[in-house]
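The values are calculated or read from the model by the stated rules, or taken from the named source; none is laboratory data. None of these values were measured; they are calculated from a predicted model. Note: ideal-geometry Cβ built from the backbone for every residue, glycine included; neighbour counts use all protein chains shown. The accessibility values were calculated without ligands, DNA or RNA, using every heavy atom of the protein model including side chains. Shrake-Rupley method; radii C 1.70, N 1.55, O 1.52, S 1.80 Å.
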Amino acid sequence: MRPSEAYVRLFEPPKMAGHFTGKHVVTVEQFTREDMIEVFRTAADFRDRVRHGDRTLLNAAAGRVMATLFYEASTRTDMSFQAAMHRLGGAVVSTSGGVRFSSVYKGENLADTIRAVGCYADVVVLRHPDVGSSYEAAYYLDQLGEQLGRSPVVISGGDGVGEHPTQALLDLFTIVDCKGRADRLTITMVGDLLNGRTVHSLSKLIAQYGAQEVDFCFVSPFSLRMPSYIVDFLHERGYRVMQTGDLYEVLNRSDVIYWTRVQQERFAKPEDYEAIRDDFVMTPEVLGQAKSDAILMHPLPRKNEMGTPRDHDILDADSRAVYFKQMANGMFVRMALLAKVLGAAV
Ligand code: NCD
């Protein structure tokens, strides 16, 4: 689902257009090509500086506070944001034990919880199961900001089956980093394309980047096809999109293979999940049929869609597997974003 019109009416996300300070991050549609280049340049610079133990970064967000508010499970997004803020010298707050032990447990709604968090933090990272929840948060924070005399911002850490904008930024950063370009690529996304917010955001982000001569191949069970509004978004921008249930139609010409987990938690009936969970399983044999210079990506966590633990070991040792690099890049891209929305001098 796309954010309902009601949410978009509440908050219409502005383009960054070079001015990140004080802006909420709720969708990849806010990023122009130049914005992405700027975020990637900053992320690469931070990566370099962290590797060299540069401690001047600790001044960037000193005295600033980031709150994490996760209504859904997370390891990488939550911890990489926290680590990013710490590495910029800022502070991190969250309710002890996550939202389960916050007043959410007592039945407080998102609006009031967001108002509370906005009183204490400069930036709120929100992950929530409802599509459009980050738009709603942006709206309430803007209202609150008028009373506070400062403007707390929300950064979406994933809104249900909607978007995951910061994941898409780190994914495209990784593609450019590993392939040296975003142009002239066949990009194949495989798995639960219906419920996977990472593939929604990444497809749109690549189109927003204006990548030239990119072919999108979407491989999934029929019931988990890419939502038509994403396919339309790509068509409107002149991209070729191929949708198929047969991986082998596209595997040996794919430059980027983006594998995804079937989003079990989004299924109403367990039997529907069981029926398709093993439809697309990446194994060393499958990767063996890919191009020698292809890259294999995955937002992680991985389950059976990446085979057995033994398969994991073999895949991980293959130079085409870049998902751990992708995971590491997450922190640097989030450092860049935090520094930018906080207006930090770096
Ligand atoms: C993804 C998510 O939460 O959408 N994870 C992540 O942020 N790296 C993908 C997933 O859970 O399958």
Using alpha-carbon positions, what is the distance between the centroids of the range 260-286 and the range 234-251, in Å?
-> 20 Å
Whenever you get a sec, compute what percent of the accessible area on the chain sits on carbon and sulfur atoms (1.4 Å probe).
-> 49 percent
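Protein chains only, probe 1.4 Å: how do R334, R100 rank by accessible area, largest first? Display every interim value, and only then the final one.
Details: R334 5, R100 165 Å².
Of R334, R100, the descending order of accessible area is R100, R334.
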Gain in length, E34 to K291, computed as 0.36 nm per residue apart minus the alpha-carbon separation, to one decimal in nm?
-> 89.5 nm
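With every protein chain kept in place and ligands, DNA and RNA left out, what is the accessible area per residue of the chain? Probe 1.4 Å, answer in Å².
Ligands and nucleic acids excluded, the result is 43 Å² per residue.
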Label-point separation (nm) for D54 and V241, each offset 7 Å from Cα along Cα-to-Cβ?
-> 3.9 nm
Label point 7 Å out from A275 along Cα-to-Cβ: which residues of the range 184-207 have amide N under 18 Å?
-> 191-195
Counting Lys and Arg as +1 and Asp and Glu as -1 over every other residue whose Cβ sits under 12 Å from the Cβ of S94, the net charge comes to +1
Could you work out how far the C-alpha centroid of the range 162-181 sits from that of the range 92-155, in angstrom?
-> 26 Å
Ordered by packing density, taken as the mean number of other Cβ atoms within 10 Å over each peptide's residues, highest first, how do 203-210, 90-97 rank?
-> 203-210, 90-97
Sort H312, H19, H235 from largest to smallest accessible area, using a 1.4 Å probe on the heavy atoms of the protein chains.
-> H19, H235, H312
If ligands, DNA and RNA are left out, what is the accessible area of D122 with a 1.4 Å probe, given in Å² to the nearest 10?
-> 30 Å²
Please work out the Cα center distance from the range 14-58 to the range 289-320, rounded to the nearest Å.
-> 29 Å
For R100 and R266, what does the FRET efficiency come to when R0 = 25 Å and r is the distance between their Cβ atoms, rounded to the nearest 0.05?
-> 0.80
Distance in nm between E249 and D318 label points, each 7 Å along Cα→Cβ, equals 2.2 nm
Only helices counted: for the chain, with every DSSP H run of 4 or more residues adding -39500 (n - 2.57) and the sum spread over all residues, [θ] at 222 nm is -12500 deg cm²/dmol
